[in-house]
Amino acid sequence: MTRPNESSDLPGFRLRGGDVTRLESFSDAVFGFALTLLVVSLDVPKSFSDLINTMRGFPAFAICFLLLALIWNTNYKFCRRYGLDDGATRFLTCVMLFLVLFYVYPLKFLFNLSITGLLFGAGPPVSMTGSQLSMLLAIYGLGFAAVYGAMALLYVHAWRLRDALELNELEKFDTRYIITRLFMLTAFGVAAAGLACVPILRDWSSFIYLLVFPILRISRITHDRRRTAYLTNTA
């Protein structure tokens with residue numbers, strides 16, 4: 001089914017992606033497999049206590065699901081907006097998908113460890129030393145940075161093809177904003193991984209992600225205001 005010509009979330013941005021390509025289908029399949037790896041338990045509970053223990057893992061599962069859904073949505077918008085299916089796009093997409101599959105394991109382990117203990121007072125499933133916790137946080141931070149870095153490179157590739165894609169000034173403005181936003185997320189992951197490697201600053205490695213939401217929100221508000229002004233001036 002052919003998509004409409006204008007992006008619903010970005011009025012004035014022409015959608016160049018039409019029917020679902022084999023690359024996008026492959027991406028959806030990999031994301032589906034990644035979500036399968038997040039499932040709390042593949043076994044049906046055999047007792048009420050098993051059911052309660054399984055349900056304790058759902059808050060962590062919900063957060064992990066949300067994070068993967070956000071990554072999928074960013075990739076979906078890229079496919080719809082630019083409709084690229086060249087060799088570089090396929091390579092970068094495969095790199096991003098590989099990193100997503102790698103990212104699933106530290107993602108699930110970390111949130112099961114932290115959310116379950118925070119909400120239910122359950123101890124960690126395994127004993128961890130301080131150095132092991134630092135390594136876990138560093139692995140998570142680097143995985144976070146790598147996924148969003150690969151996504152940023154996809155948008156950089158679209159930017160390099162801006163003339164071939166016939167991007168107008170508004171679309172160029174939006175593309176630059178998205179690239180900046182993705183590199184900001186990459187920087188947050190690198191910073192968190194760096195803090196995790198310093199024992200005295202390790203606790204700040206987790207809290208740094210809390211800064212993502214207000215900073216990205218402020219940048220989004222600023223972008224929307226500038227975009228609205230541009231649309232008003234060109235109307």
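The values are calculated or read from the model by the stated rules, or taken from the named source; none is laboratory data. Quantities reported herein were computed from a predicted structural model and do not represent experimental measurements. No Cβ is skipped: glycine too gets one built from the backbone with ideal geometry, and neighbour counts run over all protein chains shown. The accessibility values were calculated without ligands, DNA or RNA, using every heavy atom of the protein model including side chains. Shrake-Rupley method; radii C 1.70, N 1.55, O 1.52, S 1.80 Å.
A few points about this structure:
- Residue match in the stretch 197-204 (condition: among the basic types (Lys, Arg) and surrounded by 15 or more Cβ atoms within 10 Å (Cβ to Cβ)): yes
- When residues of the stretch 216-235 are limited to those that are of a type in the set (A, V, I, L, M) and modelled with pLDDT under 85, the one least open to solvent (accessible area, probe 1.4 Å): Leu231
- Of the criteria (1) at pLDDT 95 or above; (2) under 22 Å from Leu66 (Cα atoms); (3) open to solvent by less than 20 Å² (accessible area, probe 1.4 Å), which one Val190 fails: (3)
- Pairs where the first residue, in the stretch 155-184, is under 12 Å from Ser219 (Cα atoms) and the second is in a helix (DSSP H, G or I) and among the polar types (S, T, N, Q), C-beta under 7 Å, 6+ apart: Arg181/Ser219
- Only one of Phe26, Phe65 that is out of contact with any Cys (no Cβ under 7 Å at 6 or more places or on another chain), modelled with pLDDT of 85 or more and either within 19 Å of Tyr140 (Cβ to Cβ) or not in a helix (DSSP H, G or I) (or both): Phe65
- Restricting the stretch 131-173 to residues that are within 15 Å of Asp86 (Cα to Cα), among the hydrophobic types (A, V, I, L, M, F, W, C) and open to solvent by less than 10 Å² (accessible area, probe 1.4 Å), the residue that is farthest from the chain's Cα centre (by Cα) is Ala158.
- Test: residue in the stretch 170-183 that is within 28 Å of Ser131 (Cα to Cα) and in contact with a Phe, Trp or Tyr (Cβ under 7 Å, 6 or more places away or on another chain): no
- Answer from Phe33, Phe78 - the residue that is touching a residue at least 24 places away in the same chain (Cβ under 8 Å), surrounded by 15 or more Cβ atoms within 10 Å (Cβ to Cβ) and outside any loop (DSSP other than H, G, I, E, B): Phe78
- Filter result (open to solvent by less than 60 Å² (accessible area, probe 1.4 Å), farther than 9 Å from Leu154 by Cβ and not in a helix (DSSP H, G or I)) within the stretch 81-94: Gly83, Asp86
- Pairs, first more than 16 Å from Leu133 (Cα to Cα) and among the aromatic types (Phe, Trp, Tyr) in the stretch 191-213, second open to solvent by less than 30 Å² (accessible area, probe 1.4 Å) and in a helix (DSSP H, G or I), C-beta under 8 Å, six or more apart: Tyr209/Phe188; Tyr209/Ala192
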